[in-house]
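The values are calculated or read from the model by the stated rules, or taken from the named source; none is laboratory data. Because the structure is a prediction, the values reported are computed rather than measured. Backbone-built Cβ (ideal geometry, glycine too); neighbour counts: all protein chains shown.
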Amino acid sequence: MNRRPYLVATAVVALLGLVCFTISPESSAQAKRVFGSFYTPLFSAQKTAQTTSDYLANQVVPRRTLLKENIELKRQNEILELKLGELSNLSHENRVLRQQLKIQPKPEWKPRLSRIVGRDPSNWWRSIQIDIGSSDGVKIDIPVMANGGLIGRIQETYQHRSRVALLGDPVCRISATIAETKESGVLSSNGGTIFDPTLAELLYLPVSTKARAGDKIYTSGFGEVFPRGIHIGKILAVETATGELTTKASVKLAVNPSLLNEVWVLMP
Amino acid sequence: MKAFLTLTILLVALISTYAASAWSLPKQILGVQLDPLPALMLVVSLRAPIATIAILAIFASLTQSALSSNPLGLSLLPLYALGFTIHINTHSLSHYHTGSRFALGAGAGAIIPLMSLALLLLINKEPLIGWFSLWQWSAGILSSGLMALIFFPLIEWLDKSVEEQPLAAPFDTTTRIIRHHHFHE
């Protein structure tokens, strides 16, 4: 047996493996962008297929159903317009009061709808791929929401797609506040997250916490990555342990990202 | 032609990785993300030369990590180690029956996640692991065995399709007259 090809192949793989593990995070992200570009035709094909299937599905919906839906949507639109008018007045009032008290104005976010085009191919992480990227203005750490609840943050951006680290992923730890007690903690994954993607843990609560099961949790706004007041979920149970300096609580997240097809990206 | 086969195998790796990522049904039903690469590497290492195995390990691991939060090329060493070990033991492995193909695929599906996890922990990453990971591992073993049953005929068919065919002769070869040499003494 000629051993040379085996030695050469093994040496090349070992060298490349060493490079991969010692490379800087920036170079690693750059390399991922390059290798991710191999999937561009497949992502485009998927987008075209989805657009076509949506178009065909719309074509076969009966006219009567569409008219009924249209009337319902018009009613909903009227209600929402009334609420919007009310909220605009409140927003104006809030802005004026902030100016008078010399408090920095709150940044306004523009939600943008995007479609989920893939999920993390490994079981070790919880992330999804969405179909908008840096060319659409997406930046790292932008919050991502669905069904009125936070689901994660932008972890990496490519030209036409982005990866979202979901709540419960080890790299997506965020600061959260309990609405009822105003206490803050850090939302993190626990052993149950891998079984049920809507389970997480709120760490570093005070030992004397007044939090109870059913209390609602919102983003705290600390660190200025996420805006304050985005709904995250509710407390399932508070786990007090004797001799510990802090308490933790198990949390049920408001949104199950496994069942989603579309998400809202809060563009700055 | 072997280069064309290698390219085709890389294409299969790319499409299968993408399909596993885009197809969310197994994750929704079983809570498991399927990985087609161990089964593919198994089948390729039984048929292809070592250069193809190395190229597949490099390309598949780098492109897979581009879709994942995994560190770049995490599965490179596990995939190559699997491919290398199977390749040098090709003659002692039975792979012509459905049962043995399934068993080999399942074995490959068992080894790769363990090696990847060991590497992740070695480089101080904090992957999401718990008791449910045992279920994910078991489901991954089963799915890898099943995927091997798909990849074996697929790669065999591809190999035969790109096999070098003899050029057609410009004359009728159905009747051949073999003239014996006449030796004159």
(request) Kindly list, by first and then second residue, each pair from a residue in the stretch A:168-183 that is outside the structural domain of A:K210 (by TED's automatic domain parsing) to a residue that is buried (at least 17 other Cβ atoms within 10 Å of the Cβ), limited to pairs with Cβ atoms under 8 Å and residues at least 6 apart or on different chains. (result) none
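Tally up the residues in the stretch A:112-159 that are more than 14 Å from every other protein chain (Cβ to nearest Cβ), hydrophobic (A, V, I, L, M, F, W, C), over 9 Å from the mean Cα position of the chain (by Cα) and crowded, with 17+ Cβ neighbours inside 10 Å, please.
2
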(message) Among (1) within 9 Å of another protein chain (Cβ to nearest Cβ); (2) within 11 Å of the chain's Cα centre (by Cα); (3) modelled with pLDDT under 90; (4) surrounded by fewer than 24 Cβ atoms within 10 Å (Cβ to Cβ), there is one condition A:G168 misses while meeting the rest; what is its number?
(response) (4)
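Yes or no, residue by residue, for (1) surrounded by fewer than 17 Cβ atoms within 10 Å (Cβ to Cβ); (2) under 14 Å from the mean Cα position of the chain (by Cα); (3) within 23 Å of A:W264 (Cβ to Cβ); (4) among the polar types (S, T, N, Q):
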site	(1), (2), (3), (4)
A:C172	no, yes, yes, no
A:T193	no, no, yes, yes
A:V207	yes, no, no, no
A:S220	no, no, yes, yes
A:T240	yes, no, no, yes
(request) Among the residues of the stretch B:120-140, write down those that are farther than 19 Å from A:D169 by Cα and either in contact with a Phe, Trp or Tyr (Cβ under 7 Å, 6 or more places away or on another chain) or crowded, with 19+ Cβ neighbours inside 10 Å (or both). (result) B:G140
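Do we find a residue being more than 27 Å from B:T85 (Cβ to Cβ), at pLDDT 90 or above, out of contact with any Asp or Glu (no Cβ under 6 Å at 6 or more places or on another chain) and not assigned by TED's automatic domain parsing to the domain that holds A:Y158 anywhere in the stretch A:2-19?
Pass one, the stretch A:2-19, residues more than 27 Å from B:T85 (Cβ to Cβ): none.
No, there is no match, as no residue in the stretch A:2-19 is more than 27 Å from B:T85 (Cβ to Cβ), at pLDDT 90 or above, out of contact with any Asp or Glu (no Cβ under 6 Å at 6 or more places or on another chain) and not assigned by TED's automatic domain parsing to the domain that holds A:Y158.
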(message) Can you say whether A:I103 is assigned to a loop (DSSP other than H, G, I, E, B), closer than 26 Å to A:K216 by Cβ, away from chain B (no Cβ under 11 Å) and of a type in the set (V, I, T), as far as the supplied structure shows?
(response) yes
(request) Could you tell me which numbered condition A:V117 fails, if it satisfies all but one of (1) in a loop (DSSP other than H, G, I, E, B); (2) in contact (Cβ under 8 Å) with a residue 60 or more places away in the chain? (result) (1)
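Listed here are the residues, each with its yes/no results for (1) modelled with pLDDT under 90; (2) closer than 30 Å to B:S65 by Cα; (3) in contact with a helix residue (DSSP H, G or I) (Cβ under 9 Å, 6 or more places away or on another chain); (4) of a type in the set (A, V, I, L, M).
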residue: A:L84; (1), (2), (3), (4): no, no, no, yes
residue: A:Q104; (1), (2), (3), (4): yes, no, yes, no
residue: A:I116; (1), (2), (3), (4): no, yes, yes, yes
residue: A:W124; (1), (2), (3), (4): yes, yes, yes, no
residue: A:Q129; (1), (2), (3), (4): no, yes, yes, no
residue: A:G137; (1), (2), (3), (4): no, yes, no, no
residue: A:V164; (1), (2), (3), (4): no, yes, yes, yes
residue: A:R173; (1), (2), (3), (4): yes, yes, no, no
(message) Please go through the stretch B:1-17 and give me each residue that is over 13 Å from B:S161 (Cα atoms) and among the hydroxyl-bearing types (S, T, Y), ordered by number.
(response) B:S16, B:T17
(message) Condition first: surrounded by 10 or more Cβ atoms within 10 Å (Cβ to Cβ) and over 19 Å from A:L266 (Cβ atoms). Now tell me which residues in the stretch A:97-111 satisfy that.
(response) A:L97, A:R98, A:Q99, A:I103
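How about the stretch A:213-236: which of its residues are under 16 Å from A:A200 (Cα atoms) and assigned to a loop (DSSP other than H, G, I, E, B)?
Narrowing the stretch A:213-236 to residues under 16 Å from A:A200 (Cα atoms): A:213-219, A:231-236.
Once the filter is applied, which keeps residues that are under 16 Å from A:A200 (Cα atoms) and assigned to a loop (DSSP other than H, G, I, E, B), the stretch A:213-236 yields A:A213, A:G214, A:D215.
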(message) Among the residues in the stretch A:21-28, are any surrounded by fewer than 11 Cβ atoms within 10 Å (Cβ to Cβ), over 28 Å from the mean Cα position of the chain (by Cα) and closer than 26 Å to B:A54 by Cβ?
(response) yes
(request) Would you point out the residue of the stretch B:112-136, among those that are of a type in the set (F, W, Y) and in contact (Cβ under 8 Å) with a residue 12 or more places away in the chain, that is farthest from the other protein chains (Cβ to nearest Cβ)? (result) B:W135
